[in-house]
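The values are calculated or read from the model by the stated rules, or taken from the named source; none is laboratory data. What you see is a predicted model; the values in this text were computed from it and never measured. Glycine gets a Cβ as well: all are built from the backbone with ideal geometry, and neighbour counts include every protein chain shown.
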Amino acid sequence: MTAIAEHKPAPPKPGTGGGDGGFIDLVLRFRELTILAALIVLVAVTTAVNPRFLSAQGVEDIFLNASILVLLAVGQTLVVVTRNIDLSVGSTVGLVAFVVGDFVTNSDHGLVVAVALGVGIGAVCGLVNGLLVSFCGVPALVVTLGTLYVIQGLNHYIAHGEQISAAEVPQSILDLGNGAILGVPYLPLISVVVMLLVGYYLRAYSSGREFYAIGSSPEAARLAGVPIRRRVLTAYLASGVLAGLAGTLWLARFGTVIADPAKGWELKVVAAVVVGGVAIVGGVGTVYGAALGALLITTIGSVLVVLKINSFWQEAIVGLLLLLAISADRLVALRLARVLRKRNARHG
Amino acid sequence: MKQRPFARLRAPRSLAAMATAGVMALALTACGGTTKDSASNSGSGDAGSGASASANPNAPIKEGLKIAFLPKQINNPYSTIVDKSGIDAAKEYKGEAKEVGPSDASASSQVSYINTLIQQRQDAILVAANDPNAVCGPLKQARSRGIKVIAYDSDTNPDCRDIFINQASSEEVGRSQVKLLSELMDGKGEFAVLSATANATNQNTWIKFMQEELKKPEYSGMKLVKIAYGDDDDQKSFQQTQGLLQAYPNLKGIIAPTTVGIAAAARYISGSKYKGKVVVTGLGTPNQMRQFIKDGTVTKFQLWNPKDLGYLSSYAAAALASGQITGAQGETLKAGRLGERTIGANGEIVLGPPFTFEKSNIDEFDF
């Protein structure tokens, strides 16, 4: 369900247009299916080698591991489809995890206040990014690289060599990270709900469609009267809010927080989003794909250990996936262009 | 991540940083017998020549000695414990001790403090160097004015100090981890090591000594099945722990010689079905491990005792300033309740084997 197929005028039905390699078209265009298939193969092979991988504990672990990355990937998708990028999410997660940890240490303010604080800090970070990118017109890469370091520095200043220990964090918060309702852990539940909400918004609301319009062609979107600045600001705000939520969940899950715990995660998130079929040039992709990308990348990390493969390979494999994903994007774009040319020739 | 060298025994961030130079020094000493021969010879030669007066082991400790602790940064829970213990020790020998220091652990921030301490005519300066070379100039100046210089926790270049108080030797850390695990696993079963990064110098040195120790016959029932790397990332250490438990169904124990790793392993196991079945131990700080000691996930873990480190450093300063020792190899330092320590090559004194934290003593520590 890529957005190309949705906002280009009269897209050819998969398998009918072009006529050459319709199946390949189908597979390439429905990126989510491809990733899902890869994920199933991966899990199947691993389970064949080691049945414990798909034990109740194993499945729970996979989803728990992926949930924080999924949240961040959903936020990042909103930003990337508008042809922007948010590199500051890793630092935001770190800042939120530490500050909220510090806030709740030895004095239980309750879960709601803690989550609200985390989300609030995230929102402020996102707002700063959004204002700089949308209203000041500074390139997103530079702005968020800057805020990455600013937030990181702030975090180091606040942390000052201290750390948050699980023993000091109230049980109510730790339960959020490890507890479950009807056997389903909270963390994946939260991620799935957020993903579905954002996915529905992007698909069903006209303001949601405008995110894609901006990413496809900012100029056309502007001429069509799309409030570009407001949408981009919203995208960054959402990314910040989700990073804030992710930071709070990070604290809940790991309990121990040093300064800047999620260092380097921004690239992991971008990788997940791109592998998930969100085009880095904007305009294409869904949150479901991004979430699957996050799940795939996380699962690869677990699989390698279970298969006793040296974990050095993890980064290499993720890199390879990225290259594959980008090649696939390019291939789809070329085929689509050819199909459209043929159509135009027929009708023109 | 890659550029933070102290292979992250990532305790409080600054503890890690603090230990960095110390560990580098460990590595140097460890190789001292072989590759770094010339370096260590020149080092100890220098220490000898720096001590122009000969030592008088029977000299009494002078009263009213003025000594100053200069940690990597102040307001760090770990250095606060070390220095406070050193200041308390000074009261035992009727000295005046204080702690001064920068609020950030950058390479050059300690220089101005050293200059001030020289002007104040301290009898001894104890420094946990942020950078082995950046503090050298002012420290040499201090020594030329007769001020004794003791590096503790994190060494300076050996030319610039009289003595280095090393918190633990690599060999002891490695070997004692295996001993501890063997005790917890009753000497039999499969176990894995969850390390920091694959190229972490100090962790690799410790693991090398673990493997040496495992060759002894008393560990014939124990088998190291895998060395995993969590890169000192919480999530990755979590995943590695999960993966290890799935890949090796008979796994009975995990040694994590890194503070991020041990906390992650303990946290995962405390919330999984493996709790009580798989032993976790390694190097950690009391605050981060307190919960897991209390809930029974972890029985024992190790780290050096920061109180003893401060205490020993304080006594070394007093002994140097009183002429009991000069810093030459083979001299004996009398360190109050800790007993005696012998000065090793390169003017180095090792505190001793790592300290074991467990339920009965963990509440005495807050760092």
Margin query: For the structure I just gave you, tell me whether residue B:335 is surrounded by fewer than 24 Cβ atoms within 10 Å (Cβ to Cβ), more than 14 Å from every other protein chain (Cβ to nearest Cβ) and free of Cβ contacts under 8 Å to residues at least 40 places away in the same chain.
Written below: yes
Next item on the list: Quick one: residue A:196 ticks every box in (1) crowded, with 21+ Cβ neighbours inside 10 Å; (2) free of Cβ contacts under 8 Å to residues at least 12 places away in the same chain; (3) among the hydrophobic types (A, V, I, L, M, F, W, C) except a single one, so which number is it?
Entry: (1)
Item checked: Options A:246, A:224: the member that is surrounded by 23 or more Cβ atoms within 10 Å (Cβ to Cβ) and among the hydrophobic types (A, V, I, L, M, F, W, C) -> A:246
Next item on the list: Scan region A:215-235 residue by residue and report those that are touching a Gly at 6+ places or on another chain (Cβ under 9 Å) and without any contact (Cβ under 8 Å) to a residue 60 or more places away in the chain.
Entry: A:221
Notebook entry, point to check: under 23 Å from residue A:65 (Cβ atoms), of a type outside the set (Gly, Ala, Ser) and either out of contact with any His (no Cβ under 7 Å at 6 or more places or on another chain) or at pLDDT 95 or above (or both), is that true of residue A:173?
Noted result: yes
Next item on the list: Read through the list (1) away from chain B (no Cβ under 14 Å); (2) under 22 Å from residue A:66 (Cβ atoms); (3) touching a helix residue (DSSP H, G or I) at 6+ places or on another chain (Cβ under 9 Å), then give the number of the only condition that residue A:295 fails.
Entry: (1)
Item checked: Wholly within region A:22-137, helices (runs of 4 or more DSSP H) carrying at least 3 residues that are without any contact (Cβ under 8 Å) to a residue 40 or more places away in the chain and crowded, with 23+ Cβ neighbours inside 10 Å -> none
Next item on the list: Being in a loop (DSSP other than H, G, I, E, B) and touching a helix residue (DSSP H, G or I) at 6+ places or on another chain (Cβ under 7 Å) is the filter here, so list the residues in region A:143-163 that pass it.
Entry: A:161, A:162, A:163
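Yes or no, residue by residue, for (1) closer than 30 Å to residue B:212 by Cβ; (2) under 21 Å from the mean Cα position of the chain (by Cα); (3) hydrophobic (A, V, I, L, M, F, W, C):
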{"residue": "B:72", "(1), (2), (3)": "no, yes, no"}
{"residue": "B:86", "(1), (2), (3)": "no, yes, no"}
{"residue": "B:107", "(1), (2), (3)": "no, yes, yes"}
{"residue": "B:112", "(1), (2), (3)": "no, no, no"}
{"residue": "B:152", "(1), (2), (3)": "yes, yes, no"}
{"residue": "B:158", "(1), (2), (3)": "yes, yes, no"}
{"residue": "B:164", "(1), (2), (3)": "yes, yes, yes"}
{"residue": "B:174", "(1), (2), (3)": "yes, yes, no"}
Next item on the list: Look at residue A:187 and say whether it is under 19 Å from residue A:75 (Cβ atoms) and within 12 Å of chain B (Cβ to nearest Cβ).
Entry: yes
Next item on the list: Out of B:332, B:299, report the one residue that is in the same structural domain as residue B:162 (by TED's automatic domain parsing) and more than 17 Å from the chain's Cα centre (by Cα).
Entry: B:332
Margin query: Please pick out the residue among B:312, B:283 that is closer than 18 Å to residue B:154 by Cβ and not assigned by TED's automatic domain parsing to the domain that holds residue B:98.
Written below: B:283
Notebook entry, point to check: With (1) at pLDDT 85 or above; (2) within 19 Å of the chain's Cα centre (by Cα); (3) in a helix (DSSP H, G or I) as the list, and residue A:279 as the residue in question, which single condition is left unmet?
Noted result: (3)
Notebook entry, point to check: strands (runs of 3 or more DSSP E) wholly in region B:147-210 with at least 1 residues that are in contact with a Ser or Thr (Cβ under 9 Å, 6 or more places away or on another chain) and farther than 30 Å from residue B:125 by Cβ - which ones?
Noted result: B:189-195
Notebook entry, point to check: Does residue A:281 count as more than 14 Å from chain B (Cβ to nearest Cβ), touching a residue at least 24 places away in the same chain (Cβ under 8 Å), surrounded by fewer than 24 Cβ atoms within 10 Å (Cβ to Cβ) and not hydroxyl-bearing (Ser, Thr, Tyr)?
Noted result: yes
Item checked: Single residue of B:200, B:228 found to be crowded, with 20+ Cβ neighbours inside 10 Å and either over 26 Å from the mean Cα position of the chain (by Cα) or within 11 Å of chain A (Cβ to nearest Cβ) (or both) -> B:228
Checklist line | Selection from region A:311-329 of residues that are surrounded by 15 or more Cβ atoms within 10 Å (Cβ to Cβ) and facing chain B (nearest Cβ under 10 Å) | finding: A:311, A:314
Notebook entry, point to check: Are there any pairs, at least 6 apart or on different chains, whose C-beta atoms fall under 8 Å, with the first in region A:167-180 and more than 9 Å from chain B (Cβ to nearest Cβ) and the second in a loop (DSSP other than H, G, I, E, B) and not charged (D, E, K, R), and if so, which?
Noted result: A:172/A:110
